[in-house]
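The values are calculated or read from the model by the stated rules, or taken from the named source; none is laboratory data. Bear in mind that the values here come from a model prediction, so they are computed numbers and not experimental data. Using ideal geometry, Cβ is built from the backbone for each residue, glycine included, and neighbour counts are taken over all protein chains shown.
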Amino acid sequence: MLTQVQKIHCIGIGGIGMSAVAEFFRAQGKEVTGYDDALTPTPLPEGEGRVREDADLVIYSDAVPEDHSQRVEARRRGIPELSYAQALGEISHGYRTIVVTGTHGKSTTTAMLGLMLEAAGFDPFVIVGSKVPGWEYGNLRLPSSTSYPLHTTYFIVEGDDYRDHFLELQPYAVVVTNIEYDHPDYFRDLEHTVESFQKLCEKVPEDGFVITNADDAGCVKLSTQKQHSNILKNVRMLLYGRGSEIFGKLNLQVPGEFNRYNATAAATCALELGVPRDVVERVAHEFRGIWRRFEIVGTFRNPSQPPSPRFAGEAGLTLRGGESVNVPPLKVRGGRGSYESRDNILIISDYGHHPTAIRETMKAAREFYSSRRLVLVYQPHQHSRTKYLFQDFVKVLKDAADLVIVSEIYAVQGRMEEQDVSSQMIVDKIRNPSLSDKGAHHSVTRSEIRNVIYGGNLEQTKQMVLEHVKPNDVIIFMGAGDIDQTARELCMKN
């Protein structure tokens, strides 16, 4: 289908995934227009609110509902439609596709694996749900040949388990980082989630392979299913984890045990594909992180705080943005060095939005910045996730940092869900464990909350940060919504 279309219109082109697909089609010489309700200036021509008259195909992102005016117009005119997941699936049929998936760590693992294959001269095609320093488009690495199909080229792609989107892909191999219960608006429970991953693995051909985490309970469930699946039992399954010989051999600069698991997953796959071990180890050591994965955005000094003596303090990787469709490509402005003043407040942005991700990220932050006060500014993502994992969020947030500010829940565009839970309820439950999860709010004053504060909307949250942070603090802005904007706004105050 994709070889026949020449003029493509993308609805929701500002998204991290859709922008990569759009650039892929442009590189093939196709004419691409795009529209996004929240679009910032883009190098791609915009559709100015309408689907182009001569469009052969419309591709829409998951955030675009069926009744969106452009989708309605496309159907009225008989223009074929594909969702982003379906388009990615069509693309995957033309390559030797390696799907990297899991509840956590898939973007980092995808980036690491892509960099390893690139360094070994494999010239891979990569689409990742983040931004990788050194790649022209950040979220996309194009092979030197844009011919399609090209079955000898490896396509490394991040697979999204939400609503089984990754089942649209045609994998040669699958890398599973971990499996936990998530997306409660679709999956019933962990067993249902594992079933979805099993279906993906069953699509792997007999000459392919599956790599799973031997130390993860969800992956263990998946690996045991191999014995009961007539399809999966014929597929080679490789396990990695603490018992892997390479687990302790990788010398990483990114913090956290979760990143050691990510690196081991990428290394296991790269070695299986024939990447030399010295290349694997070098790339793992040189890896400095990606956009919004424990990304050091910059520093700022709170003007309300008195200056402190200058000192040579610790420093980390500073990643700054440039221009892009929706999210800026990263440019490494500096490496490890020293900050000039104790007044500098370090700002980190992280995409984590699941209780496990919060726990592991804050554990890494505590290890990496052991001498500094930690402030977590967390924006819950989706009411359904917050509701079903409510107790887990309460448990992890109450001890996550020296100060925790919880902004209001981010509602995902295009997803209808009950809004019967709030961030205030999380804060209240932490302060008063005897409250029922669905109990009525009671007014909790800021002084009573102590180290856990309800932030309100993003503007109120930003003011709360300015009111409470101290010189030399490390602030981690965390969440999959728009909390990252607040982090970057504070850095711009400099």
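Of all residues in the stretch 130-161, exactly one satisfies the criterion of being more than 26 Å from the chain's Cα centre (by Cα) and among the aliphatic types (A, V, I, L, M), namely LEU150.
A quick yes/no check of all residues on (1) closer than 21 Å to LEU389 by Cβ; (2) surrounded by 20 or more Cβ atoms within 10 Å (Cβ to Cβ); (3) free of Cβ contacts under 8 Å to residues at least 60 places away in the same chain:
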{"position": "PHE166", "(1), (2), (3)": "no, yes, no"}
{"position": "ALA173", "(1), (2), (3)": "no, yes, no"}
{"position": "LEU200", "(1), (2), (3)": "no, yes, no"}
{"position": "ASP207", "(1), (2), (3)": "no, no, yes"}
{"position": "THR212", "(1), (2), (3)": "no, yes, yes"}
{"position": "GLN227", "(1), (2), (3)": "no, no, yes"}
{"position": "ASN251", "(1), (2), (3)": "no, no, yes"}
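For the structure I just gave you, tell me whether LEU117 is closer than 23 Å to GLU272 by Cβ, among the hydrophobic types (A, V, I, L, M, F, W, C) and modelled with pLDDT under 95. Answer is no for this residue. Which ones in the stretch 85-109 are within 21 Å of SER145 (Cα to Cα) and hydroxyl-bearing (Ser, Thr, Tyr)? SER92, TYR95, THR97 - these are the residues of the stretch 85-109 that are within 21 Å of SER145 (Cα to Cα) and hydroxyl-bearing (Ser, Thr, Tyr). Of the residues making up the stretch 353-377, just one is without any contact (Cβ under 8 Å) to a residue 24 or more places away in the chain and touching a strand residue (DSSP E or B) at 6+ places or on another chain (Cβ under 7 Å), namely ARG366. The condition of being polar (S, T, N, Q), in contact with a Pro (Cβ under 6 Å, 6 or more places away or on another chain) and buried (at least 19 other Cβ atoms within 10 Å of the Cβ) holds for only one of THR110, THR153, that being THR153.
Residues checked against (1) modelled with pLDDT of 95 or more; (2) more than 17 Å from ALA270 (Cβ to Cβ):
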position	(1), (2)
GLY34	no, yes
ALA38	no, yes
GLY47	no, yes
GLU66	no, yes
GLN86	yes, yes
ILE91	yes, yes
GLY105	yes, no
MET112	yes, no
PHE125	yes, no
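Each row is one residue, and each column tells you yes or no for (1) touching a helix residue (DSSP H, G or I) at 6+ places or on another chain (Cβ under 9 Å); (2) of a type in the set (S, T, N, Q).
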position	(1), (2)
PHE166	yes, no
LEU169	yes, no
ASP182	yes, no
PHE187	yes, no
THR193	yes, yes
PHE197	yes, no
SER229	yes, yes
LYS233	no, no
VAL254	yes, no
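When the criteria are applied in full, ILE179 fails the requirement of being more than 21 Å from GLY289 (Cα to Cα), of a type in the set (Val, Ile, Thr) and outside the structural domain of LYS203 (by TED's automatic domain parsing).
At pLDDT below 95 and on the phi < 0 side of the Ramachandran plot: does that describe SER19? No; evaluated as a whole, the condition is false for this residue. Considering the stretch 352-386, and only residues there that are of a type in the set (Lys, Arg), surrounded by fewer than 21 Cβ atoms within 10 Å (Cβ to Cβ) and in a helix (DSSP H, G or I), the residue that is nearest to the chain's Cα centre (by Cα) turns out to be ARG359.
When the stretch 387-422 is filtered for residues that are surrounded by fewer than 18 Cβ atoms within 10 Å (Cβ to Cβ), in contact with a strand residue (DSSP E or B) (Cβ under 9 Å, 6 or more places away or on another chain) and of a type in the set (Asp, Glu), only ASP402 remains.
Is there a residue being surrounded by 24 or more Cβ atoms within 10 Å (Cβ to Cβ), touching a residue at least 24 places away in the same chain (Cβ under 8 Å), within 22 Å of LEU239 (Cα to Cα) and among the hydrophobic types (A, V, I, L, M, F, W, C) anywhere in the stretch 128-146? Within the stretch 128-146, not a single residue is surrounded by 24 or more Cβ atoms within 10 Å (Cβ to Cβ), touching a residue at least 24 places away in the same chain (Cβ under 8 Å), within 22 Å of LEU239 (Cα to Cα) and among the hydrophobic types (A, V, I, L, M, F, W, C).
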